Amino acid sequence: MTRPFLKWAGGKRQVVPELRRFVPSHFGQYFEPFLGSGALFFDLASTGDISGQHVWLTDVNQDLLGTYHALAKDAEPVIAELQQHERLHRAAPREHYYRVRDELFNPRRRRLFDAAVPVFPIEDYSPALAAMFIYLNRTGFNGLFRLNSHGSFNVPAGRYTNPRICHSDNLRAVAGVLGAPAVTVAYGSFESVLAQARRGDLLYFDPPYAPVSTTANFTAYTASGFGDDDQRRLQEVTIELAERGCHVVVSNSTAPIIAELYTTNRGARRAGLRAHTVSARRAINSKASMRGDVGEYIISNVTPAE
């Protein structure tokens, strides 16, 4: 069983059983444009449901893509670096976290990003940077990836007693899955799927959620964020794909903007898109009283299995 190696805020591991209800028994290519932890992708890979099919894993988070690529191509150096971070973290957790974040990770990634405009080749993301990214993800607050206005990673250390930092066996299994010839990991916006998606393909969109309140507004996945206009553009893409004959699945919050775009929108309904509410446990809210089980939408033109 290959499991996600990242602790991604809003990751879908807990709702994979619900998502699987919307996976058709037969489909062509598989697309996951908001890669994140890749929970559904890894589940489909583990069960053999995408064996031999072309898989497109894309995102606009260059650190995330660089880490996936480095792990696929150079797993052992990534693992060796991560094991060293694990040892140093055990000795001095907070000191090592902030040293890695402020003295190593941000300066090194800044040099890499500044050298390439507008997008650096993900092949240039080193195993050392990938290991730092995984380490910060596994030990930072709630698995958040957040950039400030200057494009620097600024997530504070998490409060974990004994975090699992380096699961070597799973990382090797992940590398094997990502390194398969039919799997493509590449930089690309969610609109980029329109160039390759055909009738019968399956596409899963898991964008940064529209906030249901001002205290849950964590959308700084990239320096430019992901706002209402982005949600509207995503809705237009999903409608076009559904009309093309693709199988489309979208996860999102039950915020008013999402309800407006999918539950009452005539274009969405004509395309066969329906919003189904499921329960999920979420921890991303600045008010502790507003964390816990919440309703979320799974939006799809696929009739869910019973």
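Does the range 128-215 classify as rounded, prolate or oblate by the C-alpha gyration tensor (a ≥ b ≥ c root eigenvalues; a/c under 1.5 gives rounded; else a/b over b/c gives prolate, otherwise oblate)? Write out the running numbers ahead of the final one.
Working: a/c = 2.13, a/b = 1.26, b/c = 1.69.
Oblate is the answer for the range 128-215, as a/c is 1.5 or above yet b/c matches or exceeds a/b.
Suppose accessible area is computed on protein heavy atoms with a 1.4 Å probe; arrange His54, His26, His69 from highest to lowest. Show your work: numbers first, answer last.
Working: His54 65, His26 150, His69 35 Å².
From most accessible down to least: His26, His54, His69.
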Can you compute 3J(HN,Hα) from phi for each residue in the range 133-148, using the Karplus curve 6.51 cos²θ - 1.76 cosθ + 1.60 with θ = phi - 60°, rounded to whole Hz and x for Gly and Pro?
4, 5, 4, 5, 5, 6, 10, x, 4, 6, x, 6, 10, 9, 10, 7
Could you tell me what percent of the accessible area of the range 106-158 is made up of carbon and sulfur, with a 1.4 Å probe and every protein chain present?
54 percent
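Please compute the length gained on full extension between Phe141 and Thr254, using 0.36 nm multiplied by the number of residues separating them and subtracting their Cα-Cα distance.
On the way: separation 113, 0.36 × 113 = 40.68 nm, distance 2.42 nm.
Difference between extended and current length: 38.3 nm.
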Roughly speaking, what is the stretch gain from Arg110 to Val16, that is 0.36 nm per residue apart minus the C-alpha to C-alpha distance, in nm to one decimal?
30.3 nm
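Based on the alpha-carbon gyration tensor of the range 68-176 and its eigenvalue square roots a ≥ b ≥ c, which shape applies: rounded if a/c is under 1.5, prolate if not and a/b is larger than b/c, or oblate? List each step's numbers first, then the result.
Working: a/c = 1.89, a/b = 1.11, b/c = 1.71.
Taking the square roots of the gyration eigenvalues as a ≥ b ≥ c, the range 68-176 is oblate.
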Taking springs between alpha-carbon atoms closer than 10 angstrom, which of Gln231, Gln196, Gln62 fluctuates most in the Gaussian network model of the chain?
Gln196
Taking a ≥ b ≥ c as the square roots of the eigenvalues of the Cα gyration tensor of the range 1-130, is the shape rounded (a/c under 1.5), prolate (a/b larger than b/c) or oblate?
prolate
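Between Arg270 and Ala92, what length in nm is gained on full extension when 0.36 nm per residue of separation is reduced by their alpha carbon distance?
On the way: separation 178, 0.36 × 178 = 64.08 nm, distance 5.70 nm.
Extra length from Arg270 to Ala92 when fully extended: 58.4 nm.
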Please give the calculated 222 nm ellipticity per residue for the chain, where each DSSP H segment of at least 4 residues contributes -39500 (n - 2.57) and the sum is spread over every residue; nearest 500 deg cm²/dmol?
-10500 deg cm²/dmol
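Only loop residues by DSSP count here, and only those with at most 13 other Cβ atoms within 10 Å; note down the trypsin sites (Lys or Arg not before Pro) in the range 111-171 that meet that.
Values: sites: Arg111, Arg138, Arg146, Arg159, Arg164; in loops: Arg146, Arg159, Arg164.
In loop regions of the range 111-171 (DSSP not H, G, I, E or B), the sparsely surrounded trypsin sites (Lys or Arg not before Pro) are Arg159, Arg164.
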What FRET efficiency comes out for the pair Asn148/Val119, r = Cβ-Cβ distance, R0 = 35 Å, nearest 0.05?
0.95
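Per residue, how much accessible area does the chain have with a 1.4 Å probe, in Å²? Mind dumping the intermediate values first?
On the way: 13730 Å² over 306 residues.
Here the per-residue accessible area is 45 Å².
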Hz values of 3J(HN,Hα) by residue in the range 266-274 - Karplus curve (6.51, -1.76, 1.60), Gly and Pro given as x
5, x, 5, 5, 4, 7, x, 7, 10
Residues Thr184 and Glu103, FRET efficiency given R0 of 45 Å [Cβ-Cβ distance, rounded to 0.05]:
0.85
Between Arg233 and Tyr160, what is the label-point separation in nm under the 7 Å Cα-to-beta-carbon projection?
3.3 nm
May I ask which residue of Val185, Ala91, Pro33 lies farthest towards the positive end of the charge dipole of the chain, with charges of +1 (Lys, Arg) and -1 (Asp, Glu) on Cβ and the Cα centre as origin?
Ala91
Counting Lys and Arg as +1 and Asp and Glu as -1, each charge on the Cβ, what is the dipole of the chain about the Cα centre in debye, to the nearest 20?
740 debye
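The values are calculated or read from the model by the stated rules, or taken from the named source; none is laboratory data. This one's a predicted model, so the numbers in the text were calculated from it and none came from an experiment. A quick note on method: Cβ atoms are made from the backbone with ideal geometry, for glycine too, and the neighbour counts reach across all protein chains shown. To get the accessible areas, we keep the full protein, side chains included, count just its heavy atoms, and leave off ligands, DNA and RNA. Shrake-Rupley method; radii C 1.70, N 1.55, O 1.52, S 1.80 Å.
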